[in-house]
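Trainee: After the structure tokens below, expect a handful of questions from me.
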Amino acid sequence: MLVRIMLGNSPSPSFEQLEMDAGLWYVIKDLKEAGLEKMVDPEIGWKVEVGNFAGRWPHSHVKTLVLDGKTVVASGFNHEYKPLSKRHRSHRGKDDTDTGIVVTGPIAQYSRTVYDQLWTGAILRHCPDLTVSEIELRTTCTDSFGVPDHVPEVMRYSPTDSDATAFSMFRNRVYNEADQQLLAAYLSAEESIDLAQAMFSMPLICNLNHFFDVCDWGQALPYMEALMDAAENGAELRIVLTPYPIRSVENVIAMEIFNQEAFDRGLSRRVEIRMLDDLLHSKSALIDGEFVIVGSQNLHWSAYGEGNGLSEYSLGVGDPAAAEQYQRFFDFRWERSPSRLDTR
């Protein structure tokens, strides 16, 4: 059994995480507290590797899990307490609304190659004995670079009887295929787009609109243009955002500009935006009630654009059961979201 845990190496404003590799030590500490004594135990065939993505500016924002090369999870949530219920036994859950999708089949091999690309060159930390004190860990653990390798069984395609379709949507500052896939999905809409997004923004400079009129529709990013074009082509847009700082500043500015453009084009009846009166961390959409997109990519300047942005991963799935589940998720939040950003 091989378990790989990779962090995104994201910059943190927390003073206690100013140490560049603090995240690695946190994971090792958690493994130690969970009762793991060795990271490698040949007697039981167990091996765990812990790594940190090699880049920091930009870092990896990917949240994915690949099991045996057969099943993949793509999500918007981190492996932390926030998405858990406040009633969770840890008492540290925040009820942070989020989404993830699980798919079994050949698509998992594409997801594995994405993980392997992120793992390549990652900073790995190996500690031979987790029973020693934390001070001793600092002197006995060693670092190396990530090299992806797998037993042959993990690299086999696993066919299924399902008629569902699935698309791997990866992007980083070099490859922007996911950006183009998002645009194509939005522009394909004929009837509706239901969108739940934690972050929806104009370019960074446009945050100054909070004080001065710096930006207008002329600076809109391509995903905003694609959504507006979808509305112009006849699709009804329902968009749920989060009202919480700091994200709400960018969200409000972008949506005010979006609403004004919808009004100017005579599309206000096809665009409705609501703010969920709770935490929202989802990055997801449903196109025409049939095609679901779930993953880590915000509609945000930091995660979009050629030669720019974070590493991100999503899955696009055409499956009636998945679409039905997502529709229920979205409608529940929609009905409980005040319409604070009505179009004119």
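Just so it is clear, none of the values below were taken in a lab; they were calculated from the coordinates. If you're wondering where the values come from, they're calculated on a predicted model, not measured in any experiment. Cβ placement follows ideal geometry from the backbone for every residue including glycine, while neighbour counts extend to all protein chains displayed.
Trainee: I'd like the orientation of helix 22-33 relative to the chain: the angle between its Cα long axis and the longest Cα principal axis, in ° from 0 to 90, rounded to 10.
Mentor: 60 degrees
Trainee: What residue among 295, 93, 105 has the largest mean-square fluctuation in a Gaussian network model of the chain, using Cα springs under 10 Å?
Mentor: For the chain, modelled as a Gaussian network with Cα springs under 10 Å, the answer is 93.
Trainee: When the dipole is taken about the Cα centre of the stretch 106-199, and only Lys, Arg (+1) and Asp, Glu (-1) are charged at their Cβ, what size is it in debye, to the nearest 20?
Mentor: Around 360 debye, computed over the stretch 106-199.
Trainee: Let me ask another. Determine, for 212, 77, the number of other Cβ atoms within 10 Å of each Cβ, and report the residues in order from fewest to most.
Mentor: 212, 77
Trainee: Just 122, 321, 303 to compare: in a GNM of the chain, with alpha carbon springs under 10 Å, which one fluctuates most?
Mentor: Largest GNM mean-square fluctuation: 321.
Trainee: Considering the values (1) 1.17; (2) 0.94; (3) 0.99, which represents Rg/Rh (Cα atoms, Kirkwood Rh) as calculated for the structure under consideration?
Mentor: Read-out taken from this structure: (3).
Trainee: Can you give the FRET efficiency to the nearest 0.05 for residue 269 and residue 248, using r as the Cβ-Cβ distance and R₀ = 35 Å?
Mentor: About 0.85, to the nearest 0.05.
Trainee: Right, next: Per residue of the chain, what 222 nm ellipticity follows from adding -39500 (n - 2.57) for every DSSP H run with n ≥ 4, rounded to the nearest 500?
Mentor: -8000 deg cm²/dmol
Trainee: Please give, to one decimal in nm, the separation of the simple spin-label points placed at residue 161 and residue 339, each 7 Å out from Cα toward the Cβ.
Mentor: Label-label distance for residue 161 and residue 339, simple model: 4.6 nm.
Trainee: May I pose another question? Among 150, 59, which comes first, then next, by fewest other beta-carbon atoms within 10 Å?
Mentor: Fewest-to-most Cβ neighbours within 10 Å comes out as 150, 59.
Trainee: Can you work out the Karplus-derived ³J(HN,Hα) for every residue in the stretch 110-120? Use 6.51 cos²θ - 1.76 cosθ + 1.60 with θ = phi - 60°, whole Hz, and x for glycine or proline.
Mentor: Karplus values, whole Hz, x for Gly and Pro: 5, 5, 4, 5, 5, 4, 4, 5, 5, 6, 4.
Trainee: Let me ask something else about it. Once a ≥ b ≥ c are taken as the square roots of the eigenvalues of the Cα gyration tensor of the stretch 2-155, is the result rounded (a/c under 1.5), prolate (a/b larger than b/c) or oblate (a/b not larger than b/c)?
Mentor: rounded
Trainee: Which of 123, 193 has the fewest other C-beta atoms within 10 Å, and how do the rest follow up to the most?
Mentor: 123, 193
Trainee: Of the options 120, 109, 22, report the single residue whose Cα projects farthest towards the positive end of the charge dipole of the stretch 2-155 (beta-carbon charges: Lys, Arg +1; Asp, Glu -1).
Mentor: Of 120, 109, 22, it is 109.
Trainee: While we're on this one: For residue 313, list long-range residues whose amide hydrogen, built 1.01 Å from N in the peptide plane, is under 5 Å from its own amide hydrogen.
Mentor: Excluding prolines and chain starts, which carry no amide H, the hits are 63, 296, 297.
Trainee: Another question, then. I'd like to know which of 330, 266, 1 lies farthest towards the positive end of the charge dipole of the chain, counting +1 on Cβ of Lys and Arg and -1 on Cβ of Asp and Glu.
Mentor: Of 330, 266, 1, it is 1.
Trainee: If the only charges are +1 at each Lys and Arg Cβ and -1 at each Asp and Glu Cβ, what is the size of the charge dipole of the chain around the Cα centre, to the nearest 20 debye?
Mentor: 700 debye
Trainee: Rounded if a/c is under 1.5, else prolate if a/b beats b/c, else oblate: with a ≥ b ≥ c from the C-alpha gyration tensor eigenvalues square-rooted, which is the stretch 165-335?
Mentor: Here the stretch 165-335 falls in the rounded category.
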